[in-house]
Amino acid sequence: MLTSTALVLMMTIPGLALFYGGMVRKKNVLATIMQSFAITCLVTVLWFMFGYSLAFSDGGGMNSYLGGTSKFFHHGITTASLWLPGVANIPEFVFSMFQMTFAIITPALIAGAFAERFKFSALLIFMALWLLVVYVPIAHWVWGGGFLGTAGVLDFAGGTVVHINAGVAGLVCALVLGKREGYGTTNMAPHNLVYSVIGASLLWVGWFGFNAGSELAADGLAGAAMLNTQVATAAAALAWMFAEWIVAKKPSVLGIISGAVAGLVAVTPASGFVNPTGAFIVGIVAGVVCYLSAVKVKHMFGYDDSLDAFGVHGVGGVIGALLTGVLADPAINSLSSGASLGKQIYGVAVTIIWTAIATFVILYIVKALVGLRPTTQEEVEGLDISQHGEVVP
């Protein structure tokens, strides 16, 4: 679990930071990487103070919806405290740290949707509120004893809690903020795809901590989750690559790494419930559908989801969550016997509705406090210099 936790933290810094940082224009690379790094610091402190307790302690009469306050500042947890004694038997400090890394990457993923056009002061306020109002309750609903988990919604490692959650929030942010200055007329090609390939590769490796680690034990199911993750990711990367090759006549580097991330996203909820053949199917479907959503659907509707946070994480998360209900194999996990498409649709719908409404409200609160976007001049100059006073030479 210590190793898995370190791997998941690596997914955000440096993984996601480099993945996103390489895909923006040069004048915004520092600001984009700074977002991932600052969110890591901010969420760590908030999780230690309030988040863990609200997500994973007993909320008493309100436990179906939110945890309690008894473990604020990790009060009462000792080196002898175990998470789920007799079931998981891992130190509670380790469990909190593991879950903290999930809480870190989820808001960091949202930043891909509004890359190159969000004020840094607004980012800090938005992410703090979003973590406590959106992420923490949904984590509790699914994994902390809340109503979605008890209803039988299956999410092994974060299809609803992480990916649908972040993807839908990203779409709301993109719609509320509007398009980047010059979108559709200015060249906004990635400035350094080598960074993005390195970032995607770190995400892929780190994801084994995400999915296999979510078994909370080194056993056969963790091994199945690990193999499923690898198979789905490779299948999705190839599916995206071939789809793009057929449509656009050339297989791009950006395409194959985006496909890999789509596979990682889609297999996340399914990884501990399906067999490797199921994971293979999940990967192929995710690669093709996420390609269409990120490339074709986005242009059809004209919204500016800068780095495809919704197109890959939102759509991929929905694909994985729904296919879990169809492909779950009781031979892999006994909990799969209770799987149904109806339960998964319920989980997906509740997540989308809560995330969309709460994110929308939070954005307008932040807008009233400090505003959301830099000035047109600051955006044209680049966020590196206007927000942070630094540039990459």
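The values are calculated or read from the model by the stated rules, or taken from the named source; none is laboratory data. Only a predicted model underlies this, so the values are computations on that prediction, with no experimental measurement involved. Ideal geometry is used to build each Cβ from the backbone, glycine not excepted, and the neighbour counts take in all protein chains shown.
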Find the residue count for the range 58-77, including only residues that are under 27 Å from the mean Cα position of the chain (by Cα) and without any contact (Cβ under 8 Å) to a residue 40 or more places away in the chain. 7
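Scan the range 147-197 for residues that are aromatic (Phe, Trp, Tyr), crowded, with 18+ Cβ neighbours inside 10 Å and in a loop (DSSP other than H, G, I, E, B) and jot them down.
First, the residues of the range 147-197 that are aromatic (Phe, Trp, Tyr): 147, 156, 183, 195.
Okay, now just the ones that are also crowded, with 18+ Cβ neighbours inside 10 Å, so 156, 195.
Across the range 147-197, the qualifying residue is only Phe156.
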Using beta carbons and a limit of 8 Å, which pairs, at least six apart or on different chains, have the first residue in the range 78-91 and farther than 16 Å from Phe56 by Cα and the second one surrounded by 10 or more Cβ atoms within 10 Å (Cβ to Cβ)? Thr79/Pro91; Thr79/Phe93
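With the condition being of a type in the set (S, T, N, Q) and surrounded by fewer than 21 Cβ atoms within 10 Å (Cβ to Cβ), I'd like the helices (runs of 4 or more DSSP H) fully within the range 60-146 carrying at least 1 qualifying residues.
On the way: elements: 92-110, 120-130, 136-143.
Per the criteria, 120-130.
Please find, among Ala224, Ala262, the residue that is within 13 Å of Gly320 (Cβ to Cβ), crowded, with 21+ Cβ neighbours inside 10 Å and at pLDDT 95 or above.
Numbers: Ala224 fails: within 13 Å of Gly320 (Cβ to Cβ).
Of the residues listed, the single one that is within 13 Å of Gly320 (Cβ to Cβ), crowded, with 21+ Cβ neighbours inside 10 Å and at pLDDT 95 or above is Ala262.
For the range 298-308, state whether one or more residues are charged (D, E, K, R), at negative phi, modelled with pLDDT under 95 and within 20 Å of the chain's Cα centre (by Cα).
The initial filter retains those residues of the range 298-308 that are charged (D, E, K, R), namely 298, 304-305, 308.
Subset that is at negative phi: 298, 304-305.
From the residues that got through so far, the ones that are modelled with pLDDT under 95 too are 298.
Add one more test, that the residue is within 20 Å of the chain's Cα centre (by Cα), and what stays is 298.
Looking for residues that are charged (D, E, K, R), at negative phi, modelled with pLDDT under 95 and within 20 Å of the chain's Cα centre (by Cα), one finds at least one in the range 298-308, hence yes.
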Of Phe50, Phe56, the only residue that is surrounded by fewer than 23 Cβ atoms within 10 Å (Cβ to Cβ), under 25 Å from Ala222 (Cβ atoms), of a type outside the set (Lys, Arg) and at pLDDT 95 or above is Phe56
Residues that are under 26 Å from Ala217 (Cα atoms) and not aliphatic (A, V, I, L, M): find the helices (runs of 4 or more DSSP H) completely inside the range 233-337 holding 1 or more of those. 253-270, 276-291, 315-327
Could you look through the range 358-386, keep only residues that are closer than 27 Å to Lys26 by Cβ and among the small types (Gly, Ala, Ser), and pick out the one that is surrounded by the most Cβ atoms within 10 Å (Cβ to Cβ)? Gly382
Can you spot a residue in the range 338-351 that is surrounded by fewer than 19 Cβ atoms within 10 Å (Cβ to Cβ) and hydroxyl-bearing (Ser, Thr, Tyr)? yes
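Just to verify a result, which residue in the range 20-42, among those that are over 22 Å from Thr186 (Cβ atoms) and touching a Ser or Thr at 6+ places or on another chain (Cβ under 9 Å), is surrounded by the fewest Cβ atoms within 10 Å (Cβ to Cβ)? Before the answer, list the steps.
Step one: of the range 20-42, the residues over 22 Å from Thr186 (Cβ atoms) are 34, 36-42.
Subsequent filtering for residues that are touching a Ser or Thr at 6+ places or on another chain (Cβ under 9 Å) retains 36-37, 39-40.
Values: Ser36: 27, Phe37: 14, Ile39: 28, Thr40: 20.
Checked the range 20-42; the qualifying residue surrounded by the fewest Cβ atoms within 10 Å (Cβ to Cβ) is Phe37.
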Residues that are in contact with a helix residue (DSSP H, G or I) (Cβ under 6 Å, 6 or more places away or on another chain) and farther than 26 Å from Gly170 by Cα: does the range 280-292 have at least one? yes
For residues that are in contact with an Asp or Glu (Cβ under 8 Å, 6 or more places away or on another chain) and among the hydrophobic types (A, V, I, L, M, F, W, C), tally how many sit in the range 121-147. 2
So which residues in the range 300-337 are surrounded by 15 or more Cβ atoms within 10 Å (Cβ to Cβ) and of a type in the set (Gly, Ala, Ser)? Ser306, Ala309, Gly311, Gly314, Gly316, Gly317, Gly320, Ala321, Gly325, Ala328, Ser336
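How about the range 231-277: which of its residues are polar (S, T, N, Q) and either more than 20 Å from Leu203 (Cβ to Cβ) or over 18 Å from the mean Cα position of the chain (by Cα) (or both)?
The first filter runs over the range 231-277 and keeps only residues polar (S, T, N, Q), leaving 233, 252, 258, 268, 271, 275, 277.
Ser252, Asn275, Thr277 - these are the residues of the range 231-277 that are polar (S, T, N, Q) and either more than 20 Å from Leu203 (Cβ to Cβ) or over 18 Å from the mean Cα position of the chain (by Cα) (or both).
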Can you spot a residue in the range 114-134 that is over 26 Å from Val29 (Cβ atoms), modelled with pLDDT under 95 and not aromatic (Phe, Trp, Tyr)? no
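Among the candidates Leu148, Leu193, which residue alone is over 17 Å from the mean Cα position of the chain (by Cα) and under 28 Å from Pro374 (Cα atoms)?
Working: Leu148 fails: under 28 Å from Pro374 (Cα atoms).
Selected residue: Leu193, the only one of Leu148, Leu193 that is over 17 Å from the mean Cα position of the chain (by Cα) and under 28 Å from Pro374 (Cα atoms).
Report yes if Ile353 is in a helix (DSSP H, G or I), among the β-branched types (Val, Ile, Thr) and farther than 30 Å from Asn192 by Cα, otherwise no.
Details: in a helix (DSSP H, G or I): yes; among the β-branched types (Val, Ile, Thr): yes; farther than 30 Å from Asn192 by Cα: yes.
When the stated conditions are applied, Ile353 passes them.
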